[in-house]
Amino acid sequence: MSVITIERKVLEKNDDLAARNRELFRRHGLFVINLVSSPGSGKTSILERTIEHLAGRVPVGVIEGDVQTDLDAQRIARLRVPVVQIVTNGGCHLDAKLVSDALERLSLDGLHLLIIENVGNLVCPAGYDLGEALKVVVASTTEGDDKPLKYPSMFLHASALIINKVDLLPYVNCHLAALKGNALRINPSLAVFETSCTTGQGIAVWADWLVKKVQAVPAPVVR
Amino acid sequence: MHELSIANNILDIIRQHVPVDQFSLVKSIRLKIGDQAGVVVDSLEFSFSALTAESPLRGARLEVERIPFVVSCRQCGESAPSESGIVACPRCGSVETTIVSGTELRVTEIELLEPEPEGA
């Protein structure tokens with residue numbers, strides 16, 4: 001019997017590619033977020049409202065990830081921002097390679113903010129670094145207030161939480177304070193935002209926070 | 001279902017450390033997987049056996065050591081396991097904690113059988 005001792009991270013190939021993506025983003029002076037949530041929480045709607053709010057202030061590009069169809073990319077393209085769609089054909093998460101390939105179809109020149117909308121899935125995307133500056137997790141009120149406790153990894157790895165569909169709070173079995181409290185027990189450093197894409201509530205607060213992050217990024221090395 | 005892609009990554013690591021003609025000697029691959037790494041070990045083992053079933057690696061097994069999720073508290077100074085992945089200190093409730101372990105996903109060792117002697 002012989003033993004080879006190796007001590008290697010299983011996802012190091014992904015991490016290496018993510019580091020290359022991150023370096024590319026740095027050279028372009030780009031702030032990049034990885035938007036994650038379960039399906040149907042309103043990621044694409046938040047993106048639409050955010051892009052509308054940032055229009056004329058921050059040049060935004062978008063990478064859409066879905067298991068099938070380019071429906072989301074079509075929605076974003078209507079807002080006249082550069083967008084590419086990744087179709088994973090069954091894959092449950094985006095990885096750094098898929099993003100790196102997508103970047104060949106998206107010109108980063110002139111962009112200040114890149115939003116990567118991950119595949120709707122509250123489990124698998126947590127482990128895959130894409131090269132983003134931070135992960136933003138969306139939890140909607142229709143999902144109930146216990147999701148952070150059931151899917152802690154995603155909330156642990158995120159820097160911000162958007163609680164969406166707050167306009168539906170009177171009609172659903174979800175207590176805002178409990179949802180917030182559960183998320184902060186998993187990750188006390190989460191920045192928490194409350195939004196409704198139907199009424200527009202909270203979009204400005206979230207988008208202005210994002211603008212501050214974008215403005216803090218050092219100027220591009222290449223242009 | 002991302003366990004399938006994790007299993008594929010483990011295969012890549014084996015290929016980088018073991019010559020092809022020794023694949024059939026691989027007995028086990030030791031892994032350290034944190035309780036909050038988001039990996040379902042049963043699914044990972046199933047994926048790995050499905051990927052290796054028809055190959056010289058079919059005798060290889062995953063040996064998984066689970067690493068508890070442990071937080072260290074800056075308020076009370078304690079380090080304690082926190083079973084449900086909650087970052088708040090399980091002793092004093094403070095949220096001024098750092099994660100000590102429980103999110104890792106590493107291959108640590110590959111165990112090989114001795115080759116059969118020539119002509120045996």
Quick check on my filter: what residues within the stretch B:4-43 are surrounded by fewer than 21 Cβ atoms within 10 Å (Cβ to Cβ), under 10 Å from the mean Cα position of the chain (by Cα) and in a helix (DSSP H, G or I)? B:VAL41
Pair list, Cβ < 7 Å and 6+ apart or interchain, from the stretch A:185-210 residues that are more than 14 Å from every other protein chain (Cβ to nearest Cβ) to residues that are open to solvent by 60 Å² or more (accessible area, probe 1.4 Å) and in a loop (DSSP other than H, G, I, E, B): A:THR195/A:GLN201
Conditions (1) at pLDDT below 95; (2) open to solvent by 20 Å² or more (accessible area, probe 1.4 Å); (3) of a type outside the set (Phe, Trp, Tyr); (4) out of contact with any strand residue (DSSP E or B) (no Cβ under 8 Å at 6 or more places or on another chain); number of the one not met by A:ASN14: (2)
Within the stretch A:180-205, tally of residues that are outside any loop (DSSP other than H, G, I, E, B), touching a helix residue (DSSP H, G or I) at 6+ places or on another chain (Cβ under 7 Å) and not polar (S, T, N, Q): 8
Open to solvent by less than 30 Å² (accessible area, probe 1.4 Å), within 14 Å of another protein chain (Cβ to nearest Cβ) and touching a strand residue (DSSP E or B) at 6+ places or on another chain (Cβ under 7 Å) - does that describe any residue in the stretch A:20-37? yes
Restricting attention to the stretch A:137-153, which residues are in contact with a helix residue (DSSP H, G or I) (Cβ under 7 Å, 6 or more places away or on another chain), more than 9 Å from chain B (Cβ to nearest Cβ), surrounded by fewer than 24 Cβ atoms within 10 Å (Cβ to Cβ) and part of a helix (DSSP H, G or I)? A:THR142
Can we say B:ARG61 is touching a residue at least 40 places away in the same chain (Cβ under 8 Å), under 14 Å from B:GLU111 (Cβ atoms) and open to solvent by 60 Å² or more (accessible area, probe 1.4 Å)? no
For the stretch A:54-136, give me every one of the strands (runs of 3 or more DSSP E) that falls completely inside it and has 1 or more residues that are out of contact with any helix residue (DSSP H, G or I) (no Cβ under 6 Å at 6 or more places or on another chain), open to solvent by less than 20 Å² (accessible area, probe 1.4 Å) and β-branched (Val, Ile, Thr). A:113-117
Among the residues of the stretch B:77-100 satisfying the criterion of being touching a residue at least 24 places away in the same chain (Cβ under 8 Å) and within 13 Å of chain A (Cβ to nearest Cβ), which is least open to solvent (accessible area, probe 1.4 Å)? B:GLY85
Residue tally, condition in a loop (DSSP other than H, G, I, E, B) and either open to solvent by 10 Å² or more (accessible area, probe 1.4 Å) or farther than 17 Å from A:VAL138 by Cβ (or both), over the stretch A:38-53: 4
Look through the stretch B:101-120, keep the residues that are of a type in the set (Gly, Ala, Ser) and open to solvent by 70 Å² or more (accessible area, probe 1.4 Å), and return whichever of them is farthest from the other protein chains (Cβ to nearest Cβ). B:GLY119
Of all the residues that make up the stretch A:120-157, how many are of a type in the set (A, V, I, L, M) and at pLDDT below 95? 6
Looking across the stretch B:64-76 at residues that are in contact (Cβ under 8 Å) with a residue 24 or more places away in the chain and over 30 Å from B:ARG15 (Cβ atoms), the single one that is surrounded by the fewest Cβ atoms within 10 Å (Cβ to Cβ) is B:ARG74
Neighbours by Cβ (under 9 Å, 6+ apart or cross-chain): first from the stretch A:120-141, in contact (Cβ under 8 Å) with a residue 12 or more places away in the chain; second in a loop (DSSP other than H, G, I, E, B) and among the basic types (Lys, Arg): A:SER140/A:LYS165; A:THR141/A:LYS165
State all residues of the stretch B:1-24 that are within 14 Å of B:LEU112 (Cβ to Cβ), in contact with a Phe, Trp or Tyr (Cβ under 9 Å, 6 or more places away or on another chain) and at the interface with chain A (Cβ under 7 Å from one of its Cβ atoms); if no residue qualifies, say none. none
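The values are calculated or read from the model by the stated rules, or taken from the named source; none is laboratory data. Computed from a predicted model, the values in this text were never measured in an experiment. Quick reminder, even Gly has a Cβ in these numbers, built from the backbone with ideal geometry, and neighbours come from all protein chains shown. We work out accessible area using only protein heavy atoms, side chains counted, and drop any ligands, DNA or RNA first. Shrake-Rupley method; radii C 1.70, N 1.55, O 1.52, S 1.80 Å.
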